[in-house]
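The values are calculated or read from the model by the stated rules, or taken from the named source; none is laboratory data. On a predicted model such as this, the values are computed, not experimentally measured, just so you know. Using ideal geometry, Cβ is built from the backbone for each residue, glycine included, and neighbour counts are taken over all protein chains shown.
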Amino acid sequence: MHGPITQALDAIREGEVRAQNRLFELVKGELDAMAHRSLARESPGHGLQTTGLVDEAYMKLLGGTAGASGLGTVSFENRRHFFGAAAEAVRRILIDHARSMSAEKRGGRMGRAGIDLESLPAAETRAGDWEALGEALARLEAKDARAAEVVRLRFFAGLSEVQAAEVLGVTDRTVRRDWVFAKAWLAAEMKT
Amino acid sequence: MDSAKHELVKRLLEEALAIKPADRSQWLYQQMHAPDVRAEVERLLAAAVAGQETAPIAPKHADASANSRDPKPPERIGPYRIQHELGRGGMGVVYLATKEEGGVSRRVALKIVKLGASTEEILQRFNVERRLLSSLNNPGIARMIDAGATDDGRPYFVMEYIEGLPIDRYCDTHELSVQERLALFRKVCAVVHYAHQNLIVHRDLKPSNIMVAPDGEVKLLDFGIAKLLRPDLIGIPFATLPEARLMTPEYASPEQVRGEPVGTSSDVYSLGVLLYELLTGRRPYELKARIQAELIRVICEVEPERPSLAITRSCEVTTSDGTTRTLTPEETARNRGGLPSRLRRDLTGDLDNIVMMALRKVARRRYESAEQMSRDIQSLIDGRPVIATAETSLYVLGKFVRRNKGKVAAGIAVFLALAAGLAGTAWQYRRAEASSRRFEESTLAYAAAVGTFVGEVTGEIRFKAGSLESRRMLAETSIRVLDALRKQGIEGDELVRLRATATEQIGSAKGGVDGAAAGDRRQAIQEYQKALAIWKSLDQTEPEVRRGILSNLVKQSEMWHNIQDPGADGESAALCAQAAPLAVLPAQPTFEDRRARAEFLRELADVEALQKHWTQSVAAANESLEIRRSLLAEAEGRHDAPLIAEARRLVYVGVSRLIWLRKRYSEIEALAPPSLEANLVEAESLALIALKSGSSQNDTNSRDWVTAATALAMWRARHGVDPERSNSREIMLRCVEECERLRNADLSNFRSLIDLARCRYSLGIVEALLGHFDAARIAYTQGESLYQESLQQRPKDKAAATGIQECKRAIEYLGAAGGGKAIEGS
């Protein structure tokens, strides 16, 4: 397959910096469209359904499934880049969504305080909370880059432990340990 | 913090989260890591509390609370109206739902993939369960009705809704008798067997997955983690599913927790756990730890208590609805429509064996199938012989050998080889019809060797904790060897003496002599009486036979007066009278003659005291001690180290007996020579030498020393002068240490728990006598809680009940006296 995504992925591997942005834009564009369709389907106020979104995008853009079996032609590095980009895209979509909600309903419904990493990303979360999480994640990145990546893949891209392990090329046990640690660390970090 | 430390923090955090919250900080402290590591883990733990993580293998009820974050249930799924949640597992939620059909509302159970759990693996599993259920057609398995997917693509399927109770609650609610429970259990076996025949291993058999409908029919639920032995047969395209370690540890087989491939015998094991629970109201193991390594160790290595024994204790139980409460022996029996004694009789023997056979650690040693287990239960009901037997002596001995590596093990192994060789050789010779002289020679050589080994090995393991059972089996094995020889027509005096000794060894093991557990003294006496008859069949003018009879009578007397029944003392007195002429020393007494007399006198001193013959008692005790001292002197003269050690123990026993009598009876204290301290010091120093020179595993030496040292410390704290007086505290602290070591060496040993409790209490007395009242209060309190723990383990234990009273009284006394006094202790 030699669509724009594959080309962007290959370019990244060959070291083209601009390709990174191109990949991101492509993935985000696709995810945006899908998220809107999903929002349109849901009853108002029901959350933004992000699980399955990335899976779907992957299938659509790269022609395979994200899970263990259908990785097909996509190389290991490319997968990692793709999911990294997708997680980031979902995060931005959530922030955008939160902003538009608060603009729409100024002073309206109160958002839920804080973010629960255990559940799905909740659409009613306030933009400020997303930003706080983003900053905390950046600090975690400096301390333990892999743990931060696990959070992006698990929480934003909605990958399972096993899938995240596949993408990162580590065991699922390592992913679990990183995940447990990251959740606690972020919770401690965002409380202070 | 460097990266090694960071990784350590991550590991500790994960492990700590697997432990009960209340225990975490203590656990963390015990891990002994640098303060900054500990502080970081504590900070993260505090933050993580909101988002509780479950252990790598978690019970489903725990995981239900951790994951119950689905928003309120949807109103409808497909054509079904959702009523409420029935339960949830690792991947799906089950709702009670209704469907309108021709004006009739029909109730069904609807299982749907959990929100946010739609990973490929889970979807695969879900699909497998759906296909598998539709392929099974048995009245004992909840029928599949419908399947579909929601608009957002979550798959679900619909099963018949079973109105009923989980099997454990059904049995208790209806107070089913043991017979009725067995009949119900056999129905479960039949369903499980049906699944096995369809090449499906359920892997999660437990009460909450086995419902009993009001009509008494069983229904097996939740094939969510079932395994297909041949996935291709029902059109599942992938050959193997991920061997996810989803399971309920309490019911999981050893191979399952180890993550090894499981077969149908794994379900047989879970059936064993289920039967255990239905019969006793509790599970073979209470798994408190959620640390994987600990779970694996317990499930793979610890032998569960036999059902008939388990029901005699109270315990904490968690029922299938997740509540915890205390279950007493009376309630256990009442729920089964009878009295504890009756239940115990019902379970002892065949039923014990059936349950234990299903629970064997090694898969191939269990029942071959659920059906075979079911048939064995039917045999039991019909009064026919069952397949299940207690583990063979060779198996149990083998385990003992593995647990006790080294000299003891080598001795037993050689003995077993000999015993086997003896039988084999006898047979071979008979077959070859070799000359009878050669045959007899070699057989006798073997027999002599066997005898030596029985003696040495039982001597060697005599004082080891937990050796009673092995001692009994070893002795029983030698009896079998002797039987085999007798059948061949070989039986000389040598072998008859061996038989008498072995019979006595069986008696001592049954009676708990030198053992960690209290035995059955009446059974012991029966064995001793058998042995006595054997001794008497021999030529009684032989010194060895005479000593044999004497020692037998002394043993019997000892057993009797330990029974502490009215009339038992009379039995002891009669036996001593019978023994007295045999204990008279011949003109030229040997070491053994004098030793036998000393043993007799020790027993006589006790028996005379029981009859209030104070002068005679003191005379006997003193003569016994004198003989013992002379034996030690003789041994030292011979420079024979093992003999010296043995003689030292003889003196120690003599001194302690005298001390005991002096403390027990004020009349004897009035008659005895003035200084009790001299006796106490002698006993303590002898015990200390034995402790230091003996093998470190010799628990009896440790207990002896603790007893002697405690007595000495208490005496000195009360009557001594400094520096000995203040030194008594150091002695007690060392005693506590030693008791704790013994306790930790074998947590199942009840006696070591009582010893530790007693030792803490004694420390309290010494502290109080020395004026350290706060320390005394702490020690009493610790003693009391240890006694409480003992009483929980054995609600009827007198020592524990008395101990609690003593501690309470001591604490009160400290308070009442304004912290000024020590209670008079023993």
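Which residues, taken from region B:562-615, are of a type in the set (Lys, Arg) and farther than 22 Å from B:Ile627 by Cβ? It would help to see each step written out before you state the result.
Step one: list which residues in region B:562-615 are of a type in the set (Lys, Arg), which gives B:594-595, B:597, B:602, B:612.
Result: B:Lys612, single match.
For region B:652-723, give me every one of the helices (runs of 4 or more DSSP H) that falls completely inside it and has 3 or more residues that are within 31 Å of the chain's Cα centre (by Cα) and at pLDDT below 80.
Details: elements: B:666-671, B:676-693, B:699-719.
Result: B:676-693, B:699-719.
Could you say which residue among A:Ala184, A:Ala188, A:Ala145 is hydrophobic (A, V, I, L, M, F, W, C), more than 18 Å from A:Glu88 (Cα to Cα), surrounded by fewer than 21 Cβ atoms within 10 Å (Cβ to Cβ) and within 12 Å of chain B (Cβ to nearest Cβ)? Before you say what the answer is, go through the steps one by one.
Numbers: A:Ala184 fails: surrounded by fewer than 21 Cβ atoms within 10 Å (Cβ to Cβ); A:Ala145 fails: more than 18 Å from A:Glu88 (Cα to Cα).
Just one listed residue meets the conditions, A:Ala188.
Restricting the search to region B:9-26, which residues are within 13 Å of another protein chain (Cβ to nearest Cβ) and outside any loop (DSSP other than H, G, I, E, B)?
Going residue by residue through region B:9-26, those that are within 13 Å of another protein chain (Cβ to nearest Cβ) are B:9-18, B:24.
Within region B:9-26, B:Val9, B:Lys10, B:Arg11, B:Leu12, B:Leu13, B:Glu14, B:Glu15, B:Ala16, B:Leu17, B:Arg24 qualify.
Which residue is nearest to the chain's Cα centre (by Cα), if the candidates are limited to region B:339-363 and must be of a type in the set (Val, Ile, Thr) and modelled with pLDDT of 90 or more? Can you show your working first?
Initial filter on region B:339-363 (of a type in the set (Val, Ile, Thr)): B:348, B:354-355, B:362.
If we keep only those that are modelled with pLDDT of 90 or more too, we end up with B:354-355.
Values: B:Ile354: 18, B:Val355: 16 Å.
Of everything passing the filter in region B:339-363, B:Val355 is nearest to the chain's Cα centre (by Cα).
Read through the list (1) in contact (Cβ under 8 Å) with a residue 24 or more places away in the chain; (2) surrounded by fewer than 17 Cβ atoms within 10 Å (Cβ to Cβ), then give the number of the only condition that B:Ala621 fails.
(2)
Out of all the residues in region A:115-130, is one or more in contact with a Lys or Arg (Cβ under 7 Å, 6 or more places away or on another chain), at pLDDT below 80, more than 11 Å from every other protein chain (Cβ to nearest Cβ) and assigned to a loop (DSSP other than H, G, I, E, B)?
Taking every residue of region A:115-130 in turn, at least one turns out to be in contact with a Lys or Arg (Cβ under 7 Å, 6 or more places away or on another chain), at pLDDT below 80, more than 11 Å from every other protein chain (Cβ to nearest Cβ) and assigned to a loop (DSSP other than H, G, I, E, B).
Applying the selection to region B:146-175, what residues are away from chain A (no Cβ under 14 Å) and assigned to a strand (DSSP E or B)? Even if it seems obvious, please write down each step before you answer.
Step one: of region B:146-175, the residues away from chain A (no Cβ under 14 Å) are B:146-148, B:156-175.
Of everything in region B:146-175, those that are away from chain A (no Cβ under 14 Å) and assigned to a strand (DSSP E or B) turn out to be B:Asp146, B:Ala147, B:Gly148, B:Tyr156, B:Phe157, B:Val158, B:Met159, B:Glu160, B:Leu165, B:Pro166.
Residues being part of a helix (DSSP H, G or I), among the aliphatic types (A, V, I, L, M) and either more than 8 Å from chain B (Cβ to nearest Cβ) or surrounded by 21 or more Cβ atoms within 10 Å (Cβ to Cβ) (or both): count how many of those fall in region A:148-179.
Narrowing region A:148-179 to residues part of a helix (DSSP H, G or I): A:148-156, A:161-168, A:172-179.
With the extra rule that they be among the aliphatic types (A, V, I, L, M), the set shrinks to A:148, A:150-151, A:153, A:162, A:164-165, A:167-168, A:175.
Those still in the list that are either more than 8 Å from chain B (Cβ to nearest Cβ) or surrounded by 21 or more Cβ atoms within 10 Å (Cβ to Cβ) (or both) too: A:148, A:150-151, A:153, A:164-165, A:167-168, A:175.
Looking only at that region, the number is 9.
Output the number of residues of region B:82-112 satisfying the condition of being modelled with pLDDT under 80 and among the β-branched types (Val, Ile, Thr).
Final tally of qualifying residues: 1.
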